[in-house]
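Only one structure is covered here, and it is reproduced in the block below.
The values are calculated or read from the model by the stated rules, or taken from the named source; none is laboratory data. All of these numbers come straight from a predicted model, not from anything done at the bench. Here the Cβ positions follow ideal geometry from the backbone for every residue, glycine too, while neighbour counts run over all protein chains shown. The area values use the complete protein model at the heavy-atom level, side chains included, leaving out ligands, DNA and RNA. Shrake-Rupley method; radii C 1.70, N 1.55, O 1.52, S 1.80 Å.
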Amino acid sequence: MSKALTGKALTSKEWPLWEVFVRAKNGLSHKHAGSVHAADARMALEAARDTYTRRMEGISLWVVPSASIVASDPGEAAALFEPASDKVYRHPTFYVIPDNVKNI
Amino acid sequence: MQPINERALKLGDDSLILGQRLSEWCGHAPMLEVDLALANIALDLIGQATLFLGRAGDPDALAFRRDVLDFRNCLLVEQPNGDFAQTVARLFLFSNWQELMLRDLCSSDEFGDIARKSVKEVAYHARYASEWVVRLGDGTDESRGRMIAGLDWMWRFTPELFEGDAAPLRGEWDARIDAVLGDAGLDRPKDSRPILGGRKGHHSEHLGHLLTEMQFLQRAYPGATW
């Protein structure tokens, strides 16, 4: 067990928030499942395990301090996302797919 | 009539009584995440109890219609929850023992199937409790004081775990406990006069109160189902 598990963070009344990502099975990517409160990384992993994988939902977990996530600003949504809305040619839907190609 | 399987009773009653104790935290734990974790552990233990008691008879009848003198759990698991640190101390001391005991039981003809399933659950319980001992012991002055008090309270009930066949587990258990206490910066509690008797049905008064609550429904409405 590592000494990183000291409980100094317990002095604050509210534990920090962690985002939880679950991989459902090998080959799939980790998907955001929700969040947990925890004072340290090990506690966050265990809380995530108890909260999000108790019904066999996953085989691997990531936890990330929520404070480490950089989010886009909703106020900039127009500049960031709307220009894509009239550029349908970016979807690869203009190709004719041969009949014999099944998986695409 | 066949003699009742005493070994199955001991194994099942340990899990049942600790599971019931931990379930008392449901809705009262300091954080939602801790509430869920303790309830999960309680459910693991009650599942184990169902399997072990099933080898001694009808598990429901054994759990809900047996009198206190016929229970064979160790005294450690029936101790009251106290504060969170006392609950952690009990889970820490017991799960580390239970994991070693179940590991050896995996090769048994009689209980190997149950042990192989349960030992993984209990390895997690031991890890969970051990980490809390370090957090609380190496935390604030208050958490440290409470952790020391919790360990002191529970320590006198640990010699009972090593009676009879379980004696050889003592060395490995001591090493595991000492390693975690070392990480937590805590001293090993002083040995005092051991308190024994749970395996023979000589229980503390706490078990009677626990059973009163756990068995109420089946005693008041025999055979009730829902």
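Return yes when B:Trp132 is at pLDDT 95 or above and within 17 Å of B:Arg170 (Cα to Cα) and no when it is not.
No; evaluated as a whole, the condition is false for this residue.
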Is at least one residue of segment A:10-17 open to solvent by less than 80 Å² (accessible area, probe 1.4 Å) and touching a Gly at 6+ places or on another chain (Cβ under 6 Å)?
yes
Given the conditions (1) in a helix (DSSP H, G or I); (2) closer than 19 Å to B:Leu161 by Cα; (3) not aliphatic (A, V, I, L, M), and given that B:Glu121 satisfies all but one, which numbered condition is not satisfied?
(2)
Give segment A:41-93 a look and list any residue that's over 23 Å from B:Tyr128 (Cβ atoms), under 14 Å from the mean Cα position of the chain (by Cα) and either open to solvent by less than 50 Å² (accessible area, probe 1.4 Å) or not hydroxyl-bearing (Ser, Thr, Tyr) (or both), or say none.
A:Ala67, A:Ile69, A:Val70, A:Ala71
Filter segment B:10-28 for residues that are touching a residue at least 40 places away in the same chain (Cβ under 8 Å) and either basic (Lys, Arg) or surrounded by fewer than 17 Cβ atoms within 10 Å (Cβ to Cβ) (or both) and give the result.
B:Lys10, B:Arg21, B:Glu24
Which members of segment A:51-68 meet the condition of being facing chain B (nearest Cβ under 7 Å) and at pLDDT 95 or above?
none
Within segment B:60-73, track down each residue that is in contact with a Ser or Thr (Cβ under 9 Å, 6 or more places away or on another chain) and surrounded by 19 or more Cβ atoms within 10 Å (Cβ to Cβ).
B:Ala63, B:Asn73
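Of the residues A:Ala24, A:Ala48, which single one is hydrophobic (A, V, I, L, M, F, W, C) and within 11 Å of chain B (Cβ to nearest Cβ)?
Working: A:Ala24 fails: within 11 Å of chain B (Cβ to nearest Cβ).
Exactly one residue qualifies, and that residue is A:Ala48.
I need the full set of residues from segment A:28-42 which are touching a residue at least 12 places away in the same chain (Cβ under 8 Å) and part of a strand (DSSP E or B), in order please.
Listed by number, the residues that qualify are A:His32, A:Ala33, A:Gly34, A:Ser35, A:Val36, A:His37.
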A:Ala38: surrounded by 15 or more Cβ atoms within 10 Å (Cβ to Cβ), farther than 29 Å from B:Gly139 by Cα and touching a Leu at 6+ places or on another chain (Cβ under 9 Å), yes or no?
no
Quick check on segment B:89-104. Is at least one of its residues basic (Lys, Arg) and surrounded by fewer than 24 Cβ atoms within 10 Å (Cβ to Cβ)?
yes
Can you tell me which residues in segment B:68-113 are under 16 Å from B:Leu18 (Cα atoms), among the polar types (S, T, N, Q) and more than 12 Å from the chain's Cα centre (by Cα)?
B:Gln86
